[in-house]
Amino acid sequence: MYKILHADKLAANIYRMVIEAPRVAKHCLPGQFIIVKLDEEGERIPLTICDYDREKGTITIVFQPIGASTHAFAELKTGDSFADFVGPLGRPSEFCEEDIESLKQKKILFVAGGVGTAPVYPQVKWLKEHGVTADAIIGAKNKDLVILEDEFKEVCNLFVTTDDGSYGREGMVTKCIQDLIDEGHQYDICVAIGPMIMMKFVCKLTKELGLPTIVSMNPIMVDGTGMCGACRLTVGDEVKFACVDGPEFDGHLVDFDQAMKRQTMYKTEEGRALLKQQEGDTHHGGCGQCGGDK
Ligand code: NAD
Ligand code: FES
């Protein structure tokens, strides 16, 4: 069992939990994810890691209840436990492999949208710990939905923007990126993590700006084990699976329209049957939805 050492609410419908998981905490790196299960029969939910403490042996997760399982997670309190907590999974962010001295020469811009702010935090924190101070934009619909602002301020240069202008700058993250460039900021690379539609439009803009951009395709994952086929996407002319080959990819090569269409289709039995007809047998069970493992 994996004990919840602390549970709180960051904003309306956004929950944070610190879980006792020493083995995961010992090995994880920014960009990776875990799979959590409430009980033996529970659905596997893949969630990107929001923070880790190797000494205390803890992992922090942040989630927004969407389906039955995540709504059940939201009911859990400090002292409760998860039956399963597997990880770290997926490939770490590319910069973890880079030479630190050359990384220090780079100007990195992180773009974090809504709940996608959580997986950006371990990345900017890791960089800060290695002597690299990045710029980061947090975008939220309004003031009440801005999360982890204090945590970000400690580890990067932060710009906050809200769609309605109720806090920080006004407008979506794409406007903030353009404004920063117009104000004279220069960047070598951008990392954008948030809703699919945000990542699509950030990539459209950064392509025009000639700014290489990494995105995290965590939102299209279902079982997170490479079995269900839900996270299939096209990157350039290659077929990839977000949970095995990612979750981070070159955003300028990702076919977002196809990924969003597949995401919608995968939600219904009819859609999954059609995908199977069109793409072949990529659904091998394991997702708990496609029935392939029954
Ligand atoms: P949201 O809808 O509140 O959007 C957050 C910000 O994204 C907005 O404030 C805006 O600045 C920007 N944005 C949204 N649409 C845009 C557009 N068309 N053009 C430019 N910018 C745009 O976000 P939310 O409700 O907190 O997001 C929830 C989603 O985040 C879920 O669908 C979840 O899958 C996703 N998510 C993604 C990751 C990841 O790894 N990519 C991680 C966690 C959550
Ligand atoms: Fe990647 Fe199921 S989430 S194959």
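The values are calculated or read from the model by the stated rules, or taken from the named source; none is laboratory data. What you see is a predicted model, and the numbers here were worked out from it, not measured in a lab. Cβ atoms come from the backbone with ideal geometry, glycine included; neighbour counts cover every protein chain shown. These area figures cover heavy atoms from the full protein model, side chains too; ligands, DNA and RNA do not enter into them. Shrake-Rupley method; radii C 1.70, N 1.55, O 1.52, S 1.80 Å.
Of G171, G224, all but one fail to be over 23 Å from F63 (Cβ atoms) and surrounded by 16 or more Cβ atoms within 10 Å (Cβ to Cβ); the exception is G171. Of everything listed in (1) at pLDDT 95 or above; (2) open to solvent by 20 Å² or more (accessible area, probe 1.4 Å); (3) over 19 Å from P92 (Cβ atoms), the single unmet condition for Q64 is (1). Filtering I214, I193 for residues that are closer than 22 Å to I35 by Cα, in contact (Cβ under 8 Å) with a residue 24 or more places away in the chain and more than 16 Å from ligand 2 (Cβ to nearest atom) leaves a single hit, I193. Pick from I34, I19, I61, I14: which is within 16 Å of ligand 2 (Cβ to nearest atom) and aliphatic (A, V, I, L, M)? That would be I34, the only listed residue that is within 16 Å of ligand 2 (Cβ to nearest atom) and aliphatic (A, V, I, L, M). Only one of the listed residues (D182, D164) is open to solvent by 40 Å² or more (accessible area, probe 1.4 Å), without any contact (Cβ under 8 Å) to a residue 24 or more places away in the chain and within 14 Å of ligand 1 (Cβ to nearest atom). That residue is D164. Cβ-Cβ distances below 6 Å connect the following pairs, each with a first residue in segment 68-87 that is open to solvent by 20 Å² or more (accessible area, probe 1.4 Å), a second residue that is of a type in the set (F, W, Y), and a separation of six or more residues or different chains: S81/Y2. Residues in segment 59-80 that are among the hydroxyl-bearing types (S, T, Y) and closer than 27 Å to K125 by Cα: T60, T70, T78.
Is it true that some residue in segment 233-241 is open to solvent by less than 30 Å² (accessible area, probe 1.4 Å), charged (D, E, K, R) and within 16 Å of ligand 2 (Cβ to nearest atom)? No, that holds for no residue.
All told, K56 falls short of being open to solvent by 20 Å² or more (accessible area, probe 1.4 Å), in contact with a Phe, Trp or Tyr (Cβ under 6 Å, 6 or more places away or on another chain) and not aromatic (F, W, Y). Please specify each residue of segment 133-159 satisfying the condition of being over 14 Å from G194 (Cα atoms) and surrounded by fewer than 19 Cβ atoms within 10 Å (Cβ to Cβ). Selection gives T133, D135, N142, K143, D144, E149, D150, E151, K153, E154, N157. Of the candidates G42, G31, the single residue that is open to solvent by less than 30 Å² (accessible area, probe 1.4 Å), in contact with an Asp or Glu (Cβ under 6 Å, 6 or more places away or on another chain) and assigned to a loop (DSSP other than H, G, I, E, B) is G31.
Each residue in segment 202-219 was checked for being surrounded by 19 or more Cβ atoms within 10 Å (Cβ to Cβ) and either β-branched (V, I, T) or farther than 21 Å from G31 by Cβ (or both), and 6 of them qualify.
Is it the case that segment 46-65 has a residue that's more than 28 Å from M172 (Cα to Cα), part of a loop (DSSP other than H, G, I, E, B) and aliphatic (A, V, I, L, M)? No, segment 46-65 contains no residue that is more than 28 Å from M172 (Cα to Cα), part of a loop (DSSP other than H, G, I, E, B) and aliphatic (A, V, I, L, M). As a summary of the residue check, F110 satisfies the conditions (1) under 16 Å from the mean Cα position of the chain (by Cα); (2) surrounded by fewer than 24 Cβ atoms within 10 Å (Cβ to Cβ) except for the one numbered (2). A Cβ distance below 7 Å, combined with a sequence gap of six or more or placement on separate chains, defines the contacts here; from segment 42-57, residues that are within 11 Å of ligand 1 (Cβ to nearest atom) reach residues that are among the small types (G, A, S) and open to solvent by less than 70 Å² (accessible area, probe 1.4 Å) in the pairs P46/G224; T48/A118; T48/S216; C50/A118.
Residues in segment 218-241 that are within 25 Å of I147 (Cβ to Cβ) and either at pLDDT 95 or above or β-branched (V, I, T) (or both): I220, V222. So in segment 220-234, with the set limited to residues that are assigned to a strand (DSSP E or B) and more than 15 Å from ligand 1 (Cβ to nearest atom), which one is nearest to D255 (Cα to Cα)? Looking at the filtered set, the residue picked out is T234.
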